[in-house]
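Novice: Sharing a structure here in structure tokens format.
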Amino acid sequence: MHITHLKGRDMSQEGIVREIEVEIDGIKTKVQAGSTVLEAARKLGIDIPTLCYHEPLEPFGSCRMCIAEMSVGSGESKKTWISTTCTTPVQDGLIVKTDTPKIKKERKLILELHMSRAPESPKINELAKRYGIEKSRFVTLDKGESNCILCGLCVRVCDEIILAHAIGMAYRGIHKKVLTPFEIAKEKCIGCGACAYVCPTDAIKIIEEKPILRIENWDVEHEMTYCKECGKPIGPKVYIDILKEKVIVQEELYDLCPDCRRKLYKSALF
């Protein structure tokens with residue numbers, strides 16, 4: 001289920017940012033209205049595990065690892081529930097408990113499900129060790145071969161930041177997977193590598209075999225461009241061509257790697 005919250009500052013008519021007092025694991029703090037519980041917890045240095053959270057992207061709440069017990073009110077009017085901290089905005093009087101026995105039990109179950117899909121993931125195995133899990137009780141259809149937990153980060157970074165819309169979720173239930181549109185519209189991929197960068201389980205494999213960059217998951221190949229000064233890879237030609245259309249800089253900079261660009265500017269300044 002896709003859950004999002006509205007970002008942005010909550011301001012009074014005078015233009016002053018409103019602050020809200022919340023309590024997390026017995027610590028009271030004031031945070032900006034519109035912040036999430038996860039942001040408030042991190043401000044306090046409280047560690048809440050996440051797999052599908054990435055700051056530049058809208059919270060999604062798919063991995064469920066950041067769940068916590070939350071309550072407001074008291075007596076007969078008290079309401080208590082469990083929710084993902086990345087998608088829950090703070091509210092006045094909110095009390096949050098992030099590491100109760102109930103939450104630990106729920107996280108262990110969630111982790112076992114993730115382990116069944118991504119048994120080779122260092123990050124997931126590290127979390128499993130933290131929660132005392134040696135082996136998952138569950139086995140998925142692909143027996144963990146994909147190493148993908150369907151967190152959606154790769155799809156969202158491609159849609160929200162890169163704006164390439166090259167990949168998406170297909171099918172349902174245990175058959176659900178990430179694919180290029182209809183498994184044929186591969187030309188939309190620009191080989192930027194953002195999908196692999198945000199993947200928490202290292203499920204996306206990018207291999208460079210000069211002069212070709214291949215993304216195995218999408219069965220995509222791109223011709224690479226290399227620095228004319230030092231020979232280091234710069235990026236896929238299709239990606240560089242897009243940058244040339246959208247980012248206006250000196251033409252010669254597109255033929256240089258970041259290190260050689262810095263050297264060029266340094267020599268120009270001195």
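The values are calculated or read from the model by the stated rules, or taken from the named source; none is laboratory data. Just so it is clear, the model here is predicted, and its values are computed rather than measured. Positions of Cβ are generated from backbone atoms using ideal geometry, with glycine treated the same way; all protein chains shown enter the neighbour counts.
Novice: Do we find that Leu127 is surrounded by fewer than 17 Cβ atoms within 10 Å (Cβ to Cβ), assigned to a helix (DSSP H, G or I), modelled with pLDDT of 95 or more and not assigned by TED's automatic domain parsing to the domain that holds Ile46 in this structure? Step through it out loud before you land on a result.
Specialist: Details: surrounded by fewer than 17 Cβ atoms within 10 Å (Cβ to Cβ): no; assigned to a helix (DSSP H, G or I): yes; modelled with pLDDT of 95 or more: yes; not assigned by TED's automatic domain parsing to the domain that holds Ile46: yes.
The answer is no for Leu127.
Novice: Please indicate, with yes or no, whether at least one residue in the range 151-158 is under 27 Å from Val22 (Cα atoms) and outside any loop (DSSP other than H, G, I, E, B). Before you say what the answer is, go through the steps one by one.
Specialist: Step one: list which residues in the range 151-158 are under 27 Å from Val22 (Cα atoms), which gives none.
No, there is no match, as no residue in the range 151-158 is under 27 Å from Val22 (Cα atoms) and outside any loop (DSSP other than H, G, I, E, B).
Novice: So which residues in the range 156-197 are under 18 Å from Glu55 (Cα atoms), among the aliphatic types (A, V, I, L, M) and buried (at least 20 other Cβ atoms within 10 Å of the Cβ), if there are any at all?
Specialist: Hit for the range 156-197 is Val157, nothing else.
Novice: Given (1) within 30 Å of Leu264 (Cβ to Cβ); (2) of a type in the set (Asp, Glu); (3) part of a loop (DSSP other than H, G, I, E, B), where does Glu208 come up short, assuming only one miss?
Specialist: Looking at each condition in turn, Glu208 falls short on (3).
Novice: Scan the range 84-100 and tell me whether some residue there is in contact (Cβ under 8 Å) with a residue 24 or more places away in the chain, hydrophobic (A, V, I, L, M, F, W, C) and more than 20 Å from Ala40 (Cα to Cα). Break it down stepwise before answering.
Specialist: First pass over the range 84-100, keeping only residues in contact (Cβ under 8 Å) with a residue 24 or more places away in the chain: 84-100.
Still in the running and hydrophobic (A, V, I, L, M, F, W, C): 86, 90, 94-96.
If we keep only those that are more than 20 Å from Ala40 (Cα to Cα) too, we end up with none.
So far as the range 84-100 goes, no, none of its residues is in contact (Cβ under 8 Å) with a residue 24 or more places away in the chain, hydrophobic (A, V, I, L, M, F, W, C) and more than 20 Å from Ala40 (Cα to Cα).
Residues are listed down the side, and each one gets a yes or a no for (1) in the same structural domain as Thr201 (by TED's automatic domain parsing); (2) surrounded by fewer than 18 Cβ atoms within 10 Å (Cβ to Cβ); (3) closer than 16 Å to Val96 by Cβ:
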| residue | (1), (2), (3) |
| --- | --- |
| Gly26 | no, yes, yes |
| Val31 | no, no, yes |
| Leu44 | no, yes, yes |
| Pro56 | no, yes, no |
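Novice: Of all residues in the range 165-186 being of a type in the set (A, V, I, L, M) and over 23 Å from Ile240 (Cβ atoms), which is modelled with the lowest pLDDT? Walk me through how you get there before you give the answer.
Specialist: Start the filter on the range 165-186 by keeping residues that are of a type in the set (A, V, I, L, M), which leaves 166-167, 169-170, 174, 178-179, 184-185.
Checking the rest, the ones that are also over 23 Å from Ile240 (Cβ atoms) come to 169-170, 174, 178-179, 184.
On the way: Met169: 93, Ala170: 92, Ile174: 82, Val178: 94, Leu179: 92, Ile184: 74.
Per the criteria, the residue is Ile184.
Novice: Has the range 187-205 got at least one residue that is more than 18 Å from the chain's Cα centre (by Cα), β-branched (Val, Ile, Thr), modelled with pLDDT under 90 and not in a strand (DSSP E or B)?
Specialist: Checked the range 187-205: no residue is more than 18 Å from the chain's Cα centre (by Cα), β-branched (Val, Ile, Thr), modelled with pLDDT under 90 and not in a strand (DSSP E or B).
Novice: Next question. Kindly indicate whether Ile240 is under 20 Å from Ala166 (Cα atoms), in a loop (DSSP other than H, G, I, E, B) and under 27 Å from the mean Cα position of the chain (by Cα).
Specialist: no
Novice: Quick one: how many residues across the range 111-124 are surrounded by 18 or more Cβ atoms within 10 Å (Cβ to Cβ) and either in contact with a strand residue (DSSP E or B) (Cβ under 9 Å, 6 or more places away or on another chain) or among the basic types (Lys, Arg) (or both)?
Specialist: Step one: filter the range 111-124 for residues surrounded by 18 or more Cβ atoms within 10 Å (Cβ to Cβ), giving 111, 114-119, 121, 124.
Pick out the ones that are also either in contact with a strand residue (DSSP E or B) (Cβ under 9 Å, 6 or more places away or on another chain) or among the basic types (Lys, Arg) (or both) and you get 117.
Result for the range 111-124: 1.
Novice: Can you tell me which of (1) without any contact (Cβ under 8 Å) to a residue 60 or more places away in the chain; (2) crowded, with 16+ Cβ neighbours inside 10 Å; (3) in contact with a Lys or Arg (Cβ under 6 Å, 6 or more places away or on another chain) is the one Ile149 doesn't meet?
Specialist: The number of the failed condition is (1).
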